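Worksheet for the structure shown next.
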């Protein structure tokens, strides 16, 4: 148990946001994988420590490490989302609409949105909004989405889902406001 805590402490401390301004997800993929595995192992270790009658000091140490790792992941989540979000450009939107959405011939403001089942509905919105389906073009690259999903999953498993949602909402809100 002590060895696992020590190993986690070394790795998590290396990426402590107070000590390192370098971004983890900008380093090599193996380092990211090792860090994320360490967070997952720490989470399991905390469950074990909470369930067993072990020393309170070990649990406090594990909780401190988890807090440090979540601080890093929150920072990474925000930076990845912010650096991969483009402001919404209404002019680009009409020409960059995905293939499942198409404009009528005469007007950009009337759109048809296919829900994938062959059904379509007309809306007077360039965003192709309907009650059943919202058609959007990708605003965040797929590789960034994968990283964001991995971070969000770790945060949720560790009890930090609210923080993750808060960061997402605030960051996306700032992009929309900027647009």
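The numbers here are math on the coordinates, done by the rules we state, and not lab data. Values in this document were obtained by computation on a predicted structure and should not be read as measured data. Cβ sites come from the backbone with ideal geometry, for glycine too, and all protein chains shown count toward neighbours.
I need 42, 148, 65 ordered by Cβ neighbour count within 10 Å, fewest first.
Lowest count first: 148, 65, 42.
If you count, for each residue, the other Cβ atoms within 10 Å and average over each peptide, how do 169-175, 35-41 line up from highest to lowest?
Per-residue mean Cβ counts within 10 Å order the peptides as 35-41, 169-175.
For the residues 168, 77, what sequence is obtained by ranking on other C-beta atoms within 10 Å, fewest first?
Ascending number of Cβ neighbours within 10 Å: 168, 77.
Sort the following peptides by mean Cβ neighbour count (other Cβ atoms within 10 Å, averaged over residues), highest first: 8-18, 151-161.
Taking the mean over residues of other Cβ atoms within 10 Å, the ranking is 151-161, 8-18.
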